[in-house]
Amino acid sequence: MRSADGYFFRPSRVAQIPMPLTLADKISIMPRSSKLALPFFALSVLLLATSLGVSSLLNHFAASPIFHSARLDDGPHHSVSASYEPIQIPAAFAASTLFLFCGSAALSRAVAFVKRERQRLFRRALGAALLAGTLFVGVQFHALSQLVCQLVPDEVPTGAGAFVAAVAALHAMHFIVALLCLVYVTVQALADRYDHEYYWGVTLCAWFWHALGLVWCVILATMGLAAL
């Protein structure tokens with residue numbers, strides 16, 4: 001190759017060593033889905049661990065001597081046949097139902113806020129729904145443990161209590177899926193993913209929650225019939 005002054009020279013073949021990427025550079029070039037995976041996983045584990053903690057705490061209080069002595073005096077019992085014994089609906093189901101309805105109302109407000117581009121109130125409503133869902137799962141686990149303790153092993157195959165407990169457990173498993181969907185929607189909302197034109201994920205999550213609320217009302221009605 002000829003230079004500007006007429007001399008020939010050979011271009012250098014020394015390869016340039018690339019500079020190592022910093023952690024911020026690696027995060028900046030990651031896809032959006034990869035950036036949201038870690039917050040989604042961390043928040044999901046935190047909420048599920050909190051639910052288990054709430055359930056364990058309630059079980060601990062329920063096993064204390066004060067609560068145990070209060071449950072011994074249940075009043076007169078009606079005579080029933082030997083093949084059928086009505087179940088007692090745990091009072092914790094009332095609290096879990098309240099949390100379920102509060103979460104449903106919070107999600108309805110979240111959909112209304114995102115339609116009007118009120119992002120701060122939208123994120124607060126999602127946070128309230130997350131709190132209500134976490135408390136619902138924790139109290140529901142506690143209530144299910146109380147319901148299972150009432151079952152008689154010999155009557156499990158044909159008893160109404162075992163059927164109600166199984167249906168309530170299936171509902172709790174589906175609600176955990178709904179809670180994980182809400183976690184994903186919340187992470188997306190914190191990343192400014194939703195606005196007044198794009199919010200179908202929030203609407204889908206809200207309708208999923210509402211549907212589970214209706215199913216839970218049917219399960220409560222079934223429990224009431226089984227307790228008669």
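The values are calculated or read from the model by the stated rules, or taken from the named source; none is laboratory data. What you see is a predicted model, and the numbers here were worked out from it, not measured in a lab. Every residue, glycine as well, gets a Cβ built from its backbone with ideal geometry; the counts of neighbours run over all protein chains shown.
If the condition is being farther than 16 Å from ALA178 by Cα and touching a residue at least 40 places away in the same chain (Cβ under 8 Å), then the stretch 112-138 contributes VAL114, LYS115, ARG116, GLU117, GLN119, PHE122, ARG123.
Taking the stretch 187-228, which residues are surrounded by 13 or more Cβ atoms within 10 Å (Cβ to Cβ), without any contact (Cβ under 8 Å) to a residue 24 or more places away in the chain and over 19 Å from the mean Cα position of the chain (by Cα)? The one that is surrounded by 13 or more Cβ atoms within 10 Å (Cβ to Cβ), without any contact (Cβ under 8 Å) to a residue 24 or more places away in the chain and over 19 Å from the mean Cα position of the chain (by Cα): ARG193.
Let's see how each residue does on (1) under 22 Å from SER56 (Cα atoms); (2) modelled with pLDDT of 90 or more:
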position	(1), (2)
THR134	yes, yes
VAL139	yes, yes
VAL152	no, no
CYS181	no, yes
TYR199	no, yes
VAL202	no, yes
LEU228	no, no
